[in-house]
1. Assuming a ≥ b ≥ c are the square roots of the Cα gyration tensor eigenvalues, decide whether the chain counts as rounded (a/c under 1.5), prolate (otherwise, with a/b larger than b/c) or oblate.
2. Please turn the phi angles of segment 310-326 into ³J(HN,Hα) values with the Karplus equation 6.51 cos²θ - 1.76 cosθ + 1.60 (θ = phi - 60°), one per residue in order, whole Hz, x for glycine and proline.
3. With the contact rule set at Cα under 8 Å and sequence spacing of 6 or more, what percent relative contact order holds for segment 44-132?
4. In a Gaussian network model over the chain where Cα atoms closer than 10 Å are linked, find which of K113, K16, K170 has the largest mean-square fluctuation.
5. Normalising by the residue count of the chain, find the relative contact order in percent from Cα pairs under 8 Å and 6+ residues apart.
6. Once amide H atoms are placed 1.01 Å from N in the peptide plane, what residues at a sequence separation of 5 or more from I36, or on another chain, have their amide H within under 5 Å of its amide H?
7. Once phi is turned into ³J(HN,Hα) by the Karplus curve 6.51 cos²θ - 1.76 cosθ + 1.60 with θ = phi - 60°, what whole-Hz value does each residue of segment 195-202 show in order, with x for glycine and proline?
8. Counting helices only, and only those DSSP H runs with n ≥ 4, report the 222 nm mean residue ellipticity of the chain as the sum of -39,500 (n - 2.57) divided by its residues, in deg cm²/dmol to the nearest 500.
Amino acid sequence: MTTHALTVNAGSSSLKFALFALDGLSCRATGLVDRIGGDATLELSDDTGAVLAQRDLGGRGADHAEALRAAIDAVREAFADAEVAVVGHRIVHGGTDHDRPVRLDDDVIAGLKALEPFAPLHQPHNLAGVDGARAAFPEAVQVACFDTAFHRRHPFVNDVFGLPREYYEKGVRRYGFHGLSYEFIASELARTAPDLHAGRVAVAHLGNGASMCGIVGGRSVASTMGFTALDGLPMGTRCGQLDPGVVLYLLEVEGLDAAAISDMLYRRSGLLGLSGISNDMRALEASEDPRADEAIAYFTFRIRRELGGLAAAMEGLDAVVFTGGIGENSDRIRREVCAPMGWLGIDLDEGANAAHDRVVSVGDAAVTVMVIPTNEERVIARAAADAIKGGG
Ligand code: AMP
């Protein structure tokens, strides 16, 4: 038996998982259970993308526990030699306490459950994944990796809202999210571009969820997401930055209740809400409808505004990194973000951008623009491996 780490990323209706050999931390497989609660399907692939298993789970995908059991069955069938010694979990919220990964025990889990009101759409699903993994692997070490941890040492001015102080003390703070992705990008810069890692880097994680982060010397100093994963950039279905007065208007004048407003802000806004067509950038780029272009224009405008803001927060800018499904794959979005930003020292190399090269700025540009595919699973696996080595 070779020892392995399993990574688990349990979302509201999907479960992503991956298997890493602890020796050398090589990824042996990645998998996805989709449409949990409905017609759930499972797919398991090896690290080249070749499909190892594909299943219609039917009634078996009824909840997260079943989804995890199906995932584990598929892994066990494909890798009979794999002993899972540690399970690493993506947990969206670590509150004010957790600025690094932590071994999960009953006390830590109780603390994380208490944070559910801060992230009601994500935290309960993440913790359901923990329950399922503890039941399936009672002997394995369970480790939590937080999306908030990378941002926990923000300076006060980037941690606070202009509300009465008591709310700050109660935990109403700018936590920032996508921390596992930013940590991966920072580690890639440290490995491949140490000069940039030591400098001031704005990372744009542009996927169905989207945010940006200012990183100085490998540390997050500012992020566009705040108390929840709603703030900052418009996203696939989330609104991004919004005047809080709009929420009061929806409540008091339009008569919507909290559930209806939450549904609108999380599921019916952003690119989908603005275009009326889709939350999917590929569909919007392919559309001839002017509303698709307007939604894209709003998306790229907000990225440029935040880029200017992050440069101010970092007191300068040495590099911009694009990542996430859109950031990695859409040369159009990168071009529309970068073209009007020559004043900030950004000068895109059109050919390199169209070819999706790793560096897409011209050779002598003041700001290096890069495309780096993110890998949150690897960050979780690394933390899981460290927890076993270090005993905690
Ligand atoms: P993620 O949440 O990181 O998986 O990213 C999903 C988003 O990436 C969706 O909006 C996709 O439409 C978008 N995306 C993926 N590939 C492309 C592409 N080639 N061009 C434009 N958008 C893309």
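Values quoted throughout were computed directly from the atomic coordinates according to the rules given, and no laboratory measurement underlies them. Source: prediction; values computed, not measured. Positions of Cβ are backbone-derived with ideal geometry, glycine not excepted, and every protein chain shown enters the neighbour counts.
1. rounded
2. 3J(HN,Hα) across segment 310-326, in whole Hz: 5, 4, 5, 5, 8, 6, x, 8, 9, 8, 10, 10, 9, 8, x, x, 7.
3. 31
4. K170
5. Relative contact order comes out at 14 percent.
6. When sequence neighbours closer than 5 places are left aside, the close amide H contacts are S14.
7. 5, 5, 4, 6, x, 10, 10, 9
8. -11000 deg cm²/dmol
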